[in-house]
Structures are given as C-alpha cells and as structure tokens.
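Below: the structure, in structure tokens.
The values are calculated or read from the model by the stated rules, or taken from the named source; none is laboratory data. None of these values were measured; they are calculated from a predicted model. Quick reminder, even Gly has a Cβ in these numbers, built from the backbone with ideal geometry, and neighbours come from all protein chains shown. To get the accessible areas, we keep the full protein, side chains included, count just its heavy atoms, and leave off ligands, DNA and RNA. Shrake-Rupley method; radii C 1.70, N 1.55, O 1.52, S 1.80 Å.
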There are 4 protein chains.
Amino acid sequence: MLGCAAVARGIRGNKRRIELLEAARDCFSEHGYHATSVDDIAKRVHVARGTFYLYFADKRAIFAELLAEFLGRIAGSIQSIDLADPSRPPREQLRANLLRLVELAEGEPAMVKLTLADAPGLTYELDEQLQTFYAALRLFIDESLQEGQKMNLIRKGDRQLYISLVLGGLQRILLDHCRGTLALSAVEVVDAIMAFLNEGLLA
Amino acid sequence: MLGCAAVARGIRGNKRRIELLEAARDCFSEHGYHATSVDDIAKRVHVARGTFYLYFADKRAIFAELLAEFLGRIAGSIQSIDLADPSRPPREQLRANLLRLVELAEGEPAMVKLTLADAPGLTYELDEQLQTFYAALRLFIDESLQEGQKMNLIRKGDRQLYISLVLGGLQRILLDHCRGTLALSAVEVVDAIMAFLNEGLLA
Amino acid sequence: MLGCAAVARGIRGNKRRIELLEAARDCFSEHGYHATSVDDIAKRVHVARGTFYLYFADKRAIFAELLAEFLGRIAGSIQSIDLADPSRPPREQLRANLLRLVELAEGEPAMVKLTLADAPGLTYELDEQLQTFYAALRLFIDESLQEGQKMNLIRKGDRQLYISLVLGGLQRILLDHCRGTLALSAVEVVDAIMAFLNEGLLA
Amino acid sequence: MLGCAAVARGIRGNKRRIELLEAARDCFSEHGYHATSVDDIAKRVHVARGTFYLYFADKRAIFAELLAEFLGRIAGSIQSIDLADPSRPPREQLRANLLRLVELAEGEPAMVKLTLADAPGLTYELDEQLQTFYAALRLFIDESLQEGQKMNLIRKGDRQLYISLVLGGLQRILLDHCRGTLALSAVEVVDAIMAFLNEGLLA
DNA sequence: TATGAATGAGTATTCATTCAT
DNA sequence: CATGAATGAATACTCATTCAT
C-alpha cells in the first residue's frame, strides 16, 4: 500500500511512517479530517503522540502527503492516447485508461473518499494542491479532446463543459463504486461509461 | 394584543434570522465551515455573539438550515416528467428541468459551493441529511428512467450508474458554472448537456 | 498601579486587564517568565484561561506590555538637566533625577526585578524592546555628559565606559535596594551615589 | 589493567564532556537557555541525544557546571590585597585584580553573557548558586573595604552600597566590553575604572 | 430582544528524558 | 560508549456556548 514515496530515515523509520500514513488515511476517511486528532492516528498505531511528530511536521502534512501520493498514482494511471497506433484504436486506449482508474480506485476506497469528498474545502493549501492537479488534468484532457475533434473522433462543442461533465460523472461513479452503491464489476462500470460516451443516455 | 406584539416580534425576528442566514452562507462559502466562527457570522450582521444563539441552537444548526432550505429549492425546481402530455414532449420537459436547475444555481453561487463542495464530509449528521436528499433524488430519477426505458426513450443499461454519471456531471457543471470557469450562458450549458445526453461524446 | 496605558474595552474591561497585568507581574517576578503559565496568571485573578486571551494576544504580549509600561515610567522620571538654570545647580537636578528613580523603583519592586533581572535574554523581541530603550537612554546620557565635559562639570574620559559603569551600578543598586539587601532609605542611597560620583571610592 | 582501561575511557570521556560543555556554552549564549534544546547541543558535537545523558544528568546540570566552572575561574582571578606589602601598593594590587578580570572576560565572552545576562532568573537552583557566589564575593570585598576604611584608603560610607555600585558597574562594563560596545583595550578599561574609583565622575 | 464578558473543554505541538539495541 | 526511536507530561491557544445584565 501507499506506494514507496518516502525512503528516508532507514527501513525501520519508513515502516513506522507508512503505518502512520495508513492509520491517518483510515481515521480521516472514517471520521473526517477535523474530527480526527493526531492522537487518534497515533493510538491506531499504538504509538505515543510525540512519535507522530517524528515523522510528520503536523496534521496537515500527513494529509497533504496522502493526497499527493494518491494524486500521483492517479496521474500515473492515465496514459496519453496515441491516435496513430493502428494496433490500438483510440477507444481501446480510452477504455484501458478508464479501467486502470476504476481498478486503482477499487483498491483504495479510503483514498477515493478523502480525495473526492473530504479534501476539497479543507485548507487553502490543500485546495491549491488539488486545483493544480485538476488544472493539469483538464489541460491534458482538453488537448486530447481537441485532437479528437480535429479527427472527428469527438463531437464538436464546448470542451470545458464536456470535461466538467465527464470528470464530475467519473468522480461520482468512482465514489459510489467504492462505497459499494453501484453493484457492478470494474469492467461493467467501464463498459457502461463507454456506452454513455458513445451514444449518450437518450435513445 | 399580545398576539400582535408576538407577531411583530416574529416578523422582526425573522428579518434578523434571515440576515444571519445570509451572513453565514457568505462566511461559510468564503472561508469554509471550520474556518468560520460564530463570531464571524455575528460580526457580519453587526450583532453580538449571544444574539446568534437567540435564533439558532448552534453552529451546525445554521448550516443545516441553509442546506435544507437550498436542497428544498432544488427539489422544488425539479418537475416530474409527464410522458402522456402531447403538448410537451419529454425532452422538452427534461430540458426545462435542467434550465431551472442551472438558473437556480446561477442565482445562488455561494449555496452551490456549500452544498456541492463543502457539505460532504463535514459532520455525520450533515452527511445523513445529504444522503437522505440524494437517496430521494436518485429514487425519483430512477423511476423516471425506468419509465423511460420501458417506453424506449432511455437506453437500456444500469440505471444507478447512469444516475451517478449524470448527477456527478451535473454537479461539477453547476459548480464550475457558478465559479465562472465555464464561459457559457445558462441556455448554452443546458443545450450542451442535452446534446451529450442525446448522442454522447464520441462521434 | 500600572499606569493607565490601556483605555480600550470600557471601564469594566480595563479593570480586568489591570488585574491580569498585576497578576502577571507578580507571577513573573516570583517564579520567572518560563515557570509561569498563562493558567497561573488567570488563576491568580480567579478567572478562566480563556479570559486571559480576551485581553492579551499571548503570554509574551502581557510581558511586553508590563515592560513597555514600566520603561515608559522610568523614562518619564528622568528630566533633562538644564545647565543654564541658576536656581537649580546641575548637581541638584541630577540628584533629583536619581531620587525619582530610586523612589519609582521602591514602589515597584516586582517590576524592577522583571526589568533588570528577568527580561534580558528572554525573547528576541523583548531584547529588541530593551535594547531600543537602553540605546535611547545611553544617547541621552551621552549628550548630557558631553555637555558637562565641555563645561568642565564632568571629568574627561571615555563617556561610553562611564555610562556603562554608572548604569550598571545604578541597576544593581536598584535591584538590591528593592530586595531589601541594602538597609538604607531612598535619600541615603541617593546621597551615597552622589558622593561616589563626586569623589570616587578611593580616598 | 582494568584501572588503565578505565583511565583511558576517562580521558576520552573527558574529551567528549568538554566538547559538550563548549557546545552548550555556545548554544546557550547564542539562543538562550530555553531556546536551546539538548538536541541542539548534541548535534553541535555530532553526537546522538542519548550520548548527552551519558555525561550530564540533565540540561540544567550542564548549565550549572558551565556556570560553576566560570565562577570558579573568576574567583581564582581575584587575589586578596596585601596591605602590608611595600613593594606592591594596594592600588596596584586592585588594578591587577581588575586587569585579570577584564582579560578573563575577554577570553570568554560567551560565558560572560551567560553568567551576567542569562543566568539570573533562570531557575531557583541556579539563582541559589549565583547568590551563594555573590554572597561570598561581597563578603570578601566587604572585608577588604573595611580594612581599607580603617586605614583611610577607602572613603567612609555604606560599604554594601559601594559594593553594589562597583559590582554592578563592573558587570555592565564586562558585558559591554565583551559585546564590543566599548571600543577600548583591556588596559584602557581598567585605567578608566581606576580613575573613576579615584576621583568619581564629577569634576 | 440584545449584549459581550466569561467559560473551559478540546487539541496541536514541543522537548527533556529513557532505554533497548 | 553510542545510538536515536519512542515516550508522554506539559502548555499555549481556540472557540462554541452560556448567562447575568
């Protein structure tokens, strides 16, 4: 879990760090950021409060690190679509992207909740962190859509609105999927999204 | 006599209540729930802290009331679609619903932010409040979709997933629209959504 | 006591402020700055911890205010020596200055201890505050000495060293006088200092 | 054999002790006692925190030891004045004492600051330590003055006050001299003090 | 109705000190 | 001798809430 971002402080120290990160992730996602005290996190690892501060500057720091790490994994799961590759049609590549995303979310339901439901509006700095990520993501998607529109793979229309629509829809689906509200497999989710993108909702 | 006096007080009292509600709405949307103190709200109305508690039980109460009132207005703006009315085809009715929603949001950007970005994950009780609303909304939409699928107006497929997708997309659009990120008029936004629902994104 | 520097917050509030200032002065002088907690100060006034923060931003603020107020009173007790006034010879004026100083100190033994023994080396900001005061004081004395040297009222020699010697001696005397170590009256103390300035120590 | 090993350890251990003492002296004089953590001291010697506690019981202990050592050296630099020695007139002996003191201070500016500016008001125990030293010093000076007064070498007057005045003045001069505020050589400083003691300040 | 002084529970954070390795 | 991870007591500070006026 939690990738292998932090390597400092030797192997022992890193283990404790990761324990704390996982405990924080679970506390935050169960009770929210504000309702979680540093002591809650420390207690969950059976460690004294002071120990927490050996590894993280403060409460925000551990949240920011959780967030940064997960946003990084999300970014890593998205691959640029190669329109020229004859062996992999664009729709296949898009589908693969969606599938990786859904599977990543499935494996980290707590982080999905933190990232999509709790993080927005927590702190100015955290919001910055998120805005930066989303701005980059939207830019990336915008360029892909523009390319697609040129090649008539994507319908004409306001791309920013399309992005909002798709991004929002996808976020909601990931959240609901992780919560178990949607009783579908990853593949079924992706297929349904693809169908929607292909034909819309109205017959 | 007493009655009259009481009513008079009631009316003035109501004015104060509304001032406080508006002040709270603006404080919350500007700085977030936790970064807003009861004193901030009271000061914005040029009233003492104690006065706040004459009108609201506590801080959560005023947020809950703001939320309930706005969710009520959202619910009120959505009209059931009458499939039998020959003078108003279903798509027209759906379009009208969306337009009312977008215009409602346009008029209350602060409440849109509070409802969609800040409220989730604030408190257990607030989450309950939201879940209840969304559950009812989803149920309502689900029934409409079911009806529409029966009559071949809506494509087959997992309705819950469709709802998540559309709801999430719509929420994101409302948020971005209120933030001014989307440089479109209400009608243009609605048209684009309708186009998406009609044909999807991929050409 | 404690002058009338703060007038804000109405009469009631000012009373509480002054109570807190006096409590802080006594706590600090009895146990030192670091060994005094905000709670100690509040308890001494039979008031809750939070009340302290209604009147002072933090612990340093109340110390800084005590110090500033007392340094102000010291400055106010020192009068420029008018060499031209035939009715009041310079020595008389110097004597009067010293007497005012000793009497001021006698009335505020706690503040003497805080200012002379505890304040130096507490905080960077506090040190600044003191340095500024002493720099101004030394400058003032230096000008007086220079004038005196011109008129042959003061012996030639390095003025900065003289100032250090006299200032240090005076501080020590004030401290010891307030502690009761010196079993003398204010007038006797002043007379002895004057004798020393006149003739030195060695016969 | 064991003895030799123990001594060897003792010698190395002593080296570490001294390194720690010097590091502590510099940390304390740079940032003050409270702003210096045990870790700061240990880090300065490139040693782990735990190592500190192999040599000193706690933080106060190392400060107390620094202080005791320096007070000891001060005491050692002061020689009893032999009034009977015809080859060395009393003023010469006094002058020599002052010169030794100023030169000692010049060589240890950090300790001068610690002893004169920081130590007073730090801890009850430390204050005791200082009071004991000063009491002994004052007693010693008092006896010398008494002797001097008997022989008409010292002016009549309250000896305790004289001591306060001279001690305070001397302390201030040593501090300012170490800070470089006084732009004089050790000899010049001593000469000025002697002139002051001889004739006072007023012409 | 309105006030605002007072409350005190709640938390983040620091750091001297210990101890297993 | 040396380490440094772990400890947890100690404290400053915030802020929702109350209540006497």
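The table below gives the values:
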| read-out | value |
| --- | --- |
| Residues of the range C:28-64 classified as among the basic types (Lys, Arg) and either under 23 Å from D:His34 (Cα atoms) or near DNA strand F (Cβ under 7 Å from one of its atoms) (or both), total | 3 |
| Matching entry among C:Glu65, C:Glu69 (being touching a Gly at 6+ places or on another chain (Cβ under 6 Å) and within 18 Å of C:Phe133 (Cα to Cα)) | C:Glu69 |
| Of all residues making up the range A:169-203, the number that are closer than 12 Å to B:Ile163 by Cα and of a type outside the set (Ser, Thr, Tyr) | 10 |
| Unique residue being over 25 Å from D:Ala186 (Cβ atoms) and either at pLDDT below 95 or in a helix (DSSP H, G or I) (or both) when the list is D:Glu125, D:Glu103 | D:Glu125 |
| Every pair of residues 6+ apart whose Cβ atoms lie under 6 Å, when the first sits in the range C:28-54 and is more than 14 Å from every other protein chain (Cβ to nearest Cβ) while the second is small (Gly, Ala, Ser) and within 13 Å of DNA strand E (Cβ to nearest atom) | C:Ile41/C:Ala23; C:Arg44/C:Ala23; C:Val45/C:Ala23; C:Arg49/C:Ala42; C:Phe52/C:Ala42 |
| Test for B:Ala35: is it in a helix (DSSP H, G or I) and within 22 Å of B:Asp127 (Cα to Cα) | no |
| Failed item, numbered, when B:Asn97 is tested on (1) assigned to a helix (DSSP H, G or I); (2) buried (at least 18 other Cβ atoms within 10 Å of the Cβ) | (2) |
| Within the range B:69-86, considering residues that are assigned to a loop (DSSP other than H, G, I, E, B) and within 20 Å of the chain's Cα centre (by Cα), the one surrounded by the most Cβ atoms within 10 Å (Cβ to Cβ) | B:Ile81 |
| Residues that are more than 12 Å from DNA strand E (Cβ to nearest atom) and either small (Gly, Ala, Ser) or in contact with a His (Cβ under 6 Å, 6 or more places away or on another chain) (or both), drawn from the range C:20-67 | C:Ala23, C:Ala24, C:Ser29, C:Gly32, C:Ala35, C:Ala57, C:Ala61, C:Ala64 |
| Any chance B:Leu94 is of a type outside the set (Phe, Trp, Tyr) and more than 16 Å from DNA strand F (Cβ to nearest atom) | yes |
| Single residue of the range B:175-193 satisfying the filter (among the small types (Gly, Ala, Ser) and more than 7 Å from chain A (Cβ to nearest Cβ)) that is most open to solvent (accessible area, probe 1.4 Å) | B:Ala183 |
| Only one of B:Glu92, B:Glu30 that is open to solvent by 60 Å² or more (accessible area, probe 1.4 Å) and within 30 Å of B:Glu143 (Cα to Cα) | B:Glu92 |
| Test: residue in the range C:89-109 that is on the phi < 0 side of the Ramachandran plot and within 16 Å of DNA strand E (Cβ to nearest atom) | no |
| Any hit, the range C:155-164, residues being at positive phi, open to solvent by 30 Å² or more (accessible area, probe 1.4 Å) and out of contact with any Ser or Thr (no Cβ under 7 Å at 6 or more places or on another chain) | yes |
| Filter result for C:Ala68 (assigned by TED's automatic domain parsing to the domain that holds C:Leu137 and within 16 Å of DNA strand F (Cβ to nearest atom)) | no |
| A:Leu66 vs. criteria under 22 Å from the mean Cα position of the chain (by Cα), over 20 Å from A:Leu197 (Cα atoms) and surrounded by 15 or more Cβ atoms within 10 Å (Cβ to Cβ) | yes |
| Complete set of residues in the range D:166-203 that are assigned to a helix (DSSP H, G or I), closer than 21 Å to C:Ala117 by Cβ and of a type outside the set (D, E, K, R) | D:Val166, D:Leu167, D:Gly168, D:Gly169, D:Leu170, D:Gln171, D:Ile173, D:Leu174, D:Leu175, D:His177, D:Cys178 |
| Scope the range A:39-63; condition exposed (fewer than 13 other Cβ atoms within 10 Å of the Cβ) and outside any helix (DSSP H, G or I); matching residues | A:His46, A:Ala48, A:Ala57, A:Asp58 |
| Some residue of the range C:153-165 being part of a helix (DSSP H, G or I), of a type in the set (Val, Ile, Thr) and more than 7 Å from chain D (Cβ to nearest Cβ) | yes |
